[in-house]
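Working notes, structure below.
The values are calculated or read from the model by the stated rules, or taken from the named source; none is laboratory data. Source: prediction; values computed, not measured. A quick note on method: Cβ atoms are made from the backbone with ideal geometry, for glycine too, and the neighbour counts reach across all protein chains shown.
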Amino acid sequence: MIKIDALTVQFGGIKPLDALDAQFVAPICGLIGPNGAGKTTLVNVLSGFVAPITGTILLDDTLLLALSPRRRVGVGLRRTFQQELVVDELTAIENIQAVADHVSGDRASARREVALALDFVGLGERRNTLGRQLNLFERRMVEIAKTLIGRPRVILMDEPGAGLNEIETDRLRRLLIEIPSAFDCQLVLIDHDADLIASVCIETVVLDFGKRLAMGPTRAVLDDPVVRHAYLGRE
Ligand SMILES: Nc1ncnc2c1ncn2[C@@H]1O[C@H](COP(=O)(O)OP(=O)(O)O)[C@@H](O)[C@H]1O
Ligand SMILES: [Mg+2]
């Protein structure tokens with residue numbers, strides 16, 4: 001569980017997060033909002049790339065902001081990036097192995113975890129393909145596999161569905177739904193695709209201008225007139 005209290009981030013004159021209170025409790029939670037709402041900034045704060053000026057964040061009973069980014073990985077926090085970070089010159093398995101070298105225990109368990117993650121995302125047969133030869137969907141799968149290494153507790157995914165076609169989105173959907181039970185962890189999903197959010201996320205938080213616009217069961221949140229207005233008004 002992630003509990004956020006009075007979180008404010010300031011960049012010069014703007015506050016991408018403004019006294020934000022929010023909780024992510026369900027096994028899969030959505031984080032949505034119009035462009036510029038502060039979603040990526042929140043992921044950056046949670047993972048330790050951006051420091052807030054005020055606020056507290058609890059990951060279960062751990063005060064997250066007191067930990068370095070590295071320690072946060074140590075307590076099980078994982079994230080993906082909007083721009084995926086797959087190394088072109090490494091194979092699929094080497095990209096994942098590089099993470100295991102940092103977060104897994106011994107070599108044998110690292111090998112096991114890497115093989116499991118590769119199979120889980122459906123890249124078993126592409127394991128020896130170079131990053132640069134993987135298509136967009138396969139690169140996303142490498143990114144997701146990397147988050148599954150080393151006993152994740154919470155995985156933050158920043159728009160894993162962006163640019164995918166319908167068939168790929170459906171494969172992503174089925175994969176995401178399996179993650180919490182298969183890896184005993186929580187998933188926080190950012191996406192623009194309301195259908196994907198509705199079919200995967202039990203609860204959803206909506207941001208707008210750095211503030212919480214809505215929070216609760218996903219269907220109720222998506223049907224909330226205030227939320228619909230925020231989207232229809234600007235997108
Ligand atoms: N490093 C930064 N410096 C200045 N402004 C930033 C920085 N990162 C994000 N912002 C601004 O913060 C706001 C929220 O951005 P972001 O968190 O990326 O939104 P989202 O992911 O919801 O589209 C935007 O107005 C953006 O321009
Ligand atoms: Mg973003």
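List of remarks:
- Taken together, Leu175, Leu222, Leu148 contain a single residue that is in contact (Cβ under 8 Å) with a residue 24 or more places away in the chain, of a type outside the set (Gly, Ala, Ser), surrounded by fewer than 20 Cβ atoms within 10 Å (Cβ to Cβ) and more than 16 Å from ligand 1 (Cβ to nearest atom), which is Leu175.
- Residue within segment 52-74 that is among the aliphatic types (A, V, I, L, M), in the same structural domain as Gln10 (by TED's automatic domain parsing) and assigned to a loop (DSSP other than H, G, I, E, B) present: yes
- Test: residue in segment 32-40 that is in a strand (DSSP E or B) and either more than 16 Å from ligand 2 (Cβ to nearest atom) or in the same structural domain as Asp208 (by TED's automatic domain parsing) (or both): yes
- Number of positions in segment 87-128 that are surrounded by 15 or more Cβ atoms within 10 Å (Cβ to Cβ), more than 24 Å from Asp184 (Cα to Cα) and of a type in the set (S, T, N, Q): 1
- Any hit, segment 76-85, residues being at pLDDT below 95, within 22 Å of Phe183 (Cβ to Cβ) and not in a loop (DSSP other than H, G, I, E, B): no
- Restricting segment 185-217 to residues that are buried (at least 23 other Cβ atoms within 10 Å of the Cβ) and over 20 Å from Asn35 (Cβ atoms), the residue that is farthest from the chain's Cα centre (by Cα) is Val200.
- Test result for Gly55, surrounded by 13 or more Cβ atoms within 10 Å (Cβ to Cβ), over 30 Å from Arg132 (Cα atoms) and among the small types (Gly, Ala, Ser): yes
- Applying a threshold of 8 Å to beta carbon distances and a minimum spacing of six or more residues, or different chains, the list of pairs starting in segment 6-34 at a residue that is on the phi > 0 side of the Ramachandran plot and ending at one that is outside any strand (DSSP E or B) and not acidic (Asp, Glu) reads Gly33/Lys39; Gly33/Ala230.
- Within segment 36-52, residues that are β-branched (Val, Ile, Thr) reach partners that are modelled with pLDDT under 95 and not in a helix (DSSP H, G or I) with beta carbons closer than 8 Å, at six or more positions or on different chains, in the pairs Thr40/Gln82.
- Contact map, segment 79-90: residues that are assigned by TED's automatic domain parsing to the domain that holds Phe137 paired with residues that are surrounded by fewer than 16 Cβ atoms within 10 Å (Cβ to Cβ), Cβ distance under 6 Å, separation 6+ or inter-chain. Pairs shown: Asp88/Arg132.
- Residue match in segment 9-27 (condition: in a loop (DSSP other than H, G, I, E, B), within 16 Å of ligand 2 (Cβ to nearest atom), among the hydrophobic types (A, V, I, L, M, F, W, C) and in contact with a strand residue (DSSP E or B) (Cβ under 7 Å, 6 or more places away or on another chain)): no
- Per-region count, segment 7-28, residues closer than 16 Å to Ala214 by Cα and polar (S, T, N, Q): 1
- Identification of strands (runs of 3 or more DSSP E) wholly contained in segment 110-228 with 3 or more residues that are closer than 21 Å to Ile96 by Cα, away from ligand 2 (no atom under 16 Å from the Cβ) and modelled with pLDDT of 95 or more yields no element.
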